[in-house]
There are 2 protein chains.
Amino acid sequence: MPRTVDHAQRRATIAEALVRLAAREGLHAVTMRAVAAEAGVSLRLVQYYFETKAALLHATLLHLEEASHARWRERLAGLSGPVPARRFVEALLAEALPTDERSRAFHLVWTSYAVLAMTEPDLAAQPFVAGPRRLEQQLTATLREAAGELAEDTDPAAEAARLLALTHGLGTSVLVGQRTAASAEAVLRYHVDRLFTHRDHA
Amino acid sequence: MPRTVDHAQRRATIAEALVRLAAREGLHAVTMRAVAAEAGVSLRLVQYYFETKAALLHATLLHLEEASHARWRERLAGLSGPVPARRFVEALLAEALPTDERSRAFHLVWTSYAVLAMTEPDLAAQPFVAGPRRLEQQLTATLREAAGELAEDTDPAAEAARLLALTHGLGTSVLVGQRTAASAEAVLRYHVDRLFTHRDHA
DNA sequence: TCCTTTGTGATACCGATGTATCATAACGGG
DNA sequence: CCCGTTATGATACATCGGTATCACAAAGGA
């Protein structure tokens with residue numbers, strides 16, 4: 001095979017070009033030609049590696065999700081031994097706010113795609129429901145096990161829902177420029193402080 | 001003038017057709033022709049009342065915002081005398097969740113447009129930043145005045161931000177079908193219960 | 001009455017976009 | 001050595017969408 005570069009790597013290159021482009025100019029500006037230009041390859045190449053535009057978008061989405069999970073696992077790996085629930089939550093949420101450029105791109109594409117999925121049920125089947133739902137269940141379980149660290153009179157399921165919805169809402173307001181990432185982090189800390197028992201809020 | 005119907009009314013008719021269409025098939029399906037078909041008028045008519053597509057979208061957005069404010073004022077008008085802060089907050093949030101069809105349409109269009117504004121700063125200048133920001137300030141003031149009704153150790157500004165971000169996040173998760181409107185309302189009640197002093201949580 | 005303004009229809013135009021086609025290189029195995 | 005599979009380029013095609021143009025009707029004032 002006259003493979004100059006690896007197939008999978010090329011696909012990743014193109015997917016990342018798509019993400020850059022979408023983050024900079026919006027998902028509506030993501031055309032096959034524009035992606036090709038951003039990646040510095042020919043239109044035909046994009047067609048070759050992804051037969052259709054839908055396939056390209058789908059693959060990119062998976063790529064994004066995987067990358068996000070990887071960063072999250074990495075963040076958790078930094079914590080040794082039995083992870084306190086609070087650290088776990090903080091690691092999760094740190095990844096879930098659009099603080100740096102990369103994270104901003106991730107959220108922008110994800111949100112754009114989620115909006116599409118709102119009116120196209122076949123899209124919604126995939127990660128937009130399953131992903132967050134699984135996350136919420138996992139978080140609920142974590143909180144339930146760590147009931148001792150929590151403030152009194154808390155319901156783990158409701159707290160998990162609250163954390164995720166709040167984080168997502170804050171993320172959106174950062175994306176539209178209503179508030180800064182730092183201010184969003186402050187609100188999130190405020191929330192987490194109140195979720196965990198008050199006696200040791202650092 | 002050979003005006004068969006009122007100009008403003010015709011514009012409203014078209015704007016509402018746009019909202020219906022966008023709520024059903026997504027903002028990407030909103031084309032001049034499709035709006036015309038949905039409204040049951042000719043393409044030329046849409047062009048006549050709104051010179052350009054951008055103008056049509058902008059006008060529709062204002063129409064939506066005005067309608068939402070009207071419903072909110074109406075809800076508040078039902079409360080007589082000095083409104084308790086809790087009632088005020090509940091009226092506000094009740095309007096801010098996509099419970100009925102109309103509200104769902106509103107949120108879908110608003111969210112779609114907000115996503116566009118994330119990458120087109122000239123759009124963001126308009127209601128997407130100013131509106132929520134004003135709302136948050138108003139809510140902050142309301143909470144500050146009602147400090148007596150609130151739980152101890154609360155920061156009005158942070159609480160306002162939390163309420164709005166949480167509500168928006170919940171609304172989004174309802175739109176993508178992750179959770180039902182009823183479940184979102186339950187989480188919101190849970191939150192409001194904890195925001196206001198515990199002794200009289202009904 | 002006629003002419004100007006307002007309202008409505010049919011249709012044309014042009015650019016963009018997803019996809020398809022044709023050609024051709026590069027390389028490895030028989 | 002040559003043939004087929006993989007990889008890449010140039011370009012064509014059909015459609016769609018925003019906008020523009022031309023024609024015309026209806027009505028009210030001069």
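The values are calculated or read from the model by the stated rules, or taken from the named source; none is laboratory data. Small disclaimer: the values here were computed from a predicted structure and weren't measured. Backbone-built Cβ (ideal geometry, glycine too); neighbour counts: all protein chains shown. The protein model used for the area step is the full one, side chains on, heavy atoms only, and it has no ligands, DNA or RNA in it. Shrake-Rupley method; radii C 1.70, N 1.55, O 1.52, S 1.80 Å.
Observations on the structure shown:
- Criterion: more than 16 Å from DNA strand D (Cβ to nearest atom), more than 30 Å from residue B:110 (Cα to Cα) and either of a type in the set (A, V, I, L, M) or more than 11 Å from chain B (Cβ to nearest Cβ) (or both) - qualifying residue of A:114, A:70: A:70
- Pairs linking a residue in region B:139-164 that is over 19 Å from residue B:96 (Cα atoms) to a residue that is part of a loop (DSSP other than H, G, I, E, B), with Cβ atoms under 7 Å and 6 or more positions apart or on different chains, are B:149/B:84; B:149/B:197; B:150/B:197; B:151/B:197.
- Residues (open to solvent by 20 Å² or more (accessible area, probe 1.4 Å) and either in contact with a strand residue (DSSP E or B) (Cβ under 6 Å, 6 or more places away or on another chain) or within 10 Å of chain A (Cβ to nearest Cβ) (or both)) located in region B:120-142: B:120, B:121, B:123, B:125, B:129, B:130, B:132, B:133, B:136
Yes/no per residue for (1) closer than 29 Å to residue B:129 by Cα; (2) without any contact (Cβ under 8 Å) to a residue 24 or more places away in the chain; (3) open to solvent by 70 Å² or more (accessible area, probe 1.4 Å); (4) more than 15 Å from DNA strand D (Cβ to nearest atom):
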site: B:16; (1), (2), (3), (4): yes, no, yes, yes
site: B:29; (1), (2), (3), (4): yes, yes, no, no
site: B:46; (1), (2), (3), (4): yes, no, no, no
site: B:76; (1), (2), (3), (4): yes, yes, no, yes
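- In a residue-by-residue description of region B:5-25, the property of being within 16 Å of DNA strand C (Cβ to nearest atom) and outside any helix (DSSP H, G or I) applies to at least one position.
- Selected residue [within 16 Å of DNA strand D (Cβ to nearest atom) and either among the polar types (S, T, N, Q) or open to solvent by 30 Å² or more (accessible area, probe 1.4 Å) (or both)] from A:54, A:94: A:54
- Qualifying positions in region A:126-149 - under 17 Å from the mean Cα position of the chain (by Cα) and not polar (S, T, N, Q): A:127, A:128, A:129, A:130, A:131, A:132, A:133, A:134, A:135, A:136, A:139
- Residue B:187 passes every criterion in (1) facing chain A (nearest Cβ under 8 Å); (2) among the β-branched types (Val, Ile, Thr); (3) assigned to a helix (DSSP H, G or I); (4) within 30 Å of residue B:56 (Cα to Cα) apart from (4).
- For region B:43-84, the candidate set comprises residues that are within 15 Å of DNA strand C (Cβ to nearest atom) and not in a helix (DSSP H, G or I); within that set, the residue that is farthest from residue B:30 (Cα to Cα) is B:51.
- Restricting region B:102-118 to residues that are under 23 Å from residue B:186 (Cα atoms) and without any contact (Cβ under 8 Å) to a residue 24 or more places away in the chain leaves a set whose member that is farthest from the chain's Cα centre (by Cα) is B:102.
- Failed condition for residue A:42, given (1) more than 13 Å from DNA strand D (Cβ to nearest atom); (2) more than 25 Å from residue A:131 (Cβ to Cβ); (3) surrounded by fewer than 16 Cβ atoms within 10 Å (Cβ to Cβ): (1)
- Check on residue A:195, more than 8 Å from chain B (Cβ to nearest Cβ) and either aliphatic (A, V, I, L, M) or open to solvent by less than 20 Å² (accessible area, probe 1.4 Å) (or both): yes
- Flag if residue B:35 is at pLDDT 95 or above and either of a type outside the set (Ser, Thr, Tyr) or surrounded by fewer than 20 Cβ atoms within 10 Å (Cβ to Cβ) (or both): yes
- Odd one out for residue A:161, checked against (1) under 21 Å from residue B:163 (Cα atoms); (2) part of a helix (DSSP H, G or I); (3) open to solvent by less than 20 Å² (accessible area, probe 1.4 Å); (4) more than 8 Å from chain B (Cβ to nearest Cβ): (4)
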